Every structure is written in structure tokens, then in C-alpha cells.
1. Would you please give the FRET efficiency between LYS240 and ASP269, computed as 1/(1 + (r/R0)^6) with r the Cβ-Cβ distance and R0 = 22 Å, to the nearest 0.05?
2. Quick check: pseudo-label points 7 Å beyond the Cα along Cα→Cβ at GLU163 and ASP130, how many nm apart are they?
3. Can you bin the stretch 130-218 into rounded, prolate or oblate? Criterion: square roots of the alpha carbon gyration tensor eigenvalues sorted a ≥ b ≥ c, rounded for a/c under 1.5, prolate for a/b above b/c, oblate for the rest.
4. Take SER225, SER84 and sort them by solvent-accessible surface of the protein heavy atoms, 1.4 Å probe, largest at the top.
5. Filter the cross-link list LYS86/LYS120; LYS142/LYS178; LYS152/LYS276; LYS123/LYS178; LYS75/LYS152 down to pairs whose alpha-carbon distance in this structure exceeds 20 Å.
6. Sort the stretch 144-278 into rounded, prolate or oblate with this rule: let a ≥ b ≥ c be the square roots of the eigenvalues of the Cα gyration tensor; rounded if a/c is under 1.5, and if a/c is not under 1.5, prolate when a/b is larger than b/c, oblate otherwise.
Amino acid sequence: VVVVVVVVSSSSSSSSSSSSSPALLSARIAAHAHSRGTSAFGIKTKGVRVLVSTRSPHTACSALAGGSMTVNGKKIIISGAPASGKGTQCQLIVEKYGVKHISTGDALRAQVRGETELGKQAKAFMDAGDLVPDELIMNIMKDETLGDEASKGWLLDGVPRTEKQVKALNEAGLVPEKVILLEVPDDVLIERCVGRLFDPDTGNTYHRTYFPPPADIAERCIQRSDDNEETMKNRIEQFKKNRQSLIDGYKDVLVQIDGNRGKDEIFQDICMALDKVT
């Protein structure tokens, strides 16, 4: 198999012609590949695969090695303790940047429902009451980063949680360009948790004080059994045990953000971090 990687520098001077823009170069390469019976964007035909990236050579090659490269897309991981506001920020990130939000739990359930080969393997562990191995989880996450939905990049939510998972992601070629870590005091996390309400019909989450559900659906909203102070304290402690592994594993690309503010303020800081990725 012949693999051609074109890395286009985004630091060209302002006097450079627009004819050298990544978008136009990508289009030209795609047209040329099509004329030769190949594809420019990851579909292998006649043994040739052409990928275009504005990322650094190191990042591009690491992603390519694991088969997870997307074209000009952002590669993001978001992490934080339970109730740190990840869900809200994920929604805002997806809306602005068009990346694919990949939640560990959602991806696992989708593979099982779809009866994919990975899903069948995972279901065997789940039916036996065992934890799904990290290697299988990483393969599922990697599979989710492929395809058109992730053409603008991906946003991983829920992994990695341990040092082992950090290494497994790297080995799978899922190399983030930016890791967002939301920092929120324990007492605030507990307050957010015990007041949280869940709408079983839509999957939306509300809060009794800060974000009450609309009056017409309030009666059907419920509180999850694990949204209590004792359980929450344990979950926070579990997160803290592995927090340093995340910091150490991604120290060059990690940004710690104060999550104890309004969602718009938090998102502004996240955008500042992501917009620096070129």
C-alpha cells in the first residue's frame, strides 16, 4: 500500500497566493486522485491513499500511524470530574467547530446496538458482568473517529481516565492536539450533583436551582439514584486518583480551565485554547 501525506503549513506569509490554501490544495489533490481512480480522503482504491493535513508533521504522522487522521480536523479530549460541566461544553464545542462528539458510553452502546464485530466482543464482556477491556474500548473509540462524521475532527469525552488508557490511546493513534481539563471545587461538584434532574424522554439534564426544567416537562424529570452526596464524594475521589496521570500524559497540550463560572465564560477560554491549534 502506498500512502501519500501532504502537510500544508498554515504559517505562510500574508503575501502568499490564495492558490496555496489548504482547502484549494485539498480540492486539487482530490480531483487529481479521482482522475487516477484513487481517493484523496481515506478511501483506499488501487492501493493509494492521499491525506491532507495542516497539522505538524509529528502530529500528522502519529495520527496516520493509528489510522485516525481526518482532514484539517481538530483532535480534542475534554476531561473533568463528574458534574464539572463537560456535557454543556461538549455541546458548545460541537456547535462551533463541527467535530464529532465521542462519548465512551454512547460509543459502546452504539456498537452493541449495531451488532458490529467490536460491539459483539464488548457485549460478551458486559453479559458476563465483566468490565470491557481498555484495548477494546480504545478500538471502539478509534472506529468512531473514522468516517465522514469525524471529517472535521473529534472530541473524546470519558477517556482517558487512567495512565494505562493514556498509553492505549497513543498506541491506537488517537493523539490529541488539545486536552481541556475543567477544574471545579469539590463542594460545587456535590451541589451540582445532588440538584441534578434527568429527562428520560430526551436525555437532557437540568438542575433544580441553576437550570430548572421547563414547566411542561418538570413532572417527568427524575433524579438518578447515584446523584447523591455519598456516591458523588466517592466518584470525585476516584477521579482525583487518576487526575495526575492525565496531566502528566498530556502536559504539552493540556489546558486547565476554571469550570466554576458561567458556561459562556468557560467556553470563551476553551475557544481561545482551541483556536491556537493550527
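1. Working: r = 22 Å, r/R0 = 1.01.
Between LYS240 and ASP269 the formula returns 0.50.
2. 2.5 nm
3. Numbers: a/c = 2.31, a/b = 1.78, b/c = 1.30.
Judged from the Cα gyration tensor, the stretch 130-218 comes out prolate (a/c at least 1.5, a/b above b/c).
4. Numbers: SER225 115, SER84 5 Å².
Putting SER225, SER84 in descending order of accessible area: SER225, SER84.
5. Details: LYS86/LYS120 29 Å; LYS142/LYS178 17 Å; LYS152/LYS276 16 Å; LYS123/LYS178 32 Å; LYS75/LYS152 9 Å.
In this structure, LYS86/LYS120; LYS123/LYS178 exceed 20 Å between Cα atoms.
6. On the way: a/c = 1.78, a/b = 1.53, b/c = 1.17.
Taking the square roots of the gyration eigenvalues as a ≥ b ≥ c, the stretch 144-278 is prolate.
The values are calculated or read from the model by the stated rules, or taken from the named source; none is laboratory data. No experiment lies behind these values; they were computed from the predicted model shown. Because the Cβ atoms are built from the backbone with ideal geometry, glycine has one as well, and the counts that use them run over all protein chains shown. For the accessible areas, the whole protein counts, side chains as well, though only heavy atoms, and no ligand, DNA or RNA atoms are used. Shrake-Rupley method; radii C 1.70, N 1.55, O 1.52, S 1.80 Å.
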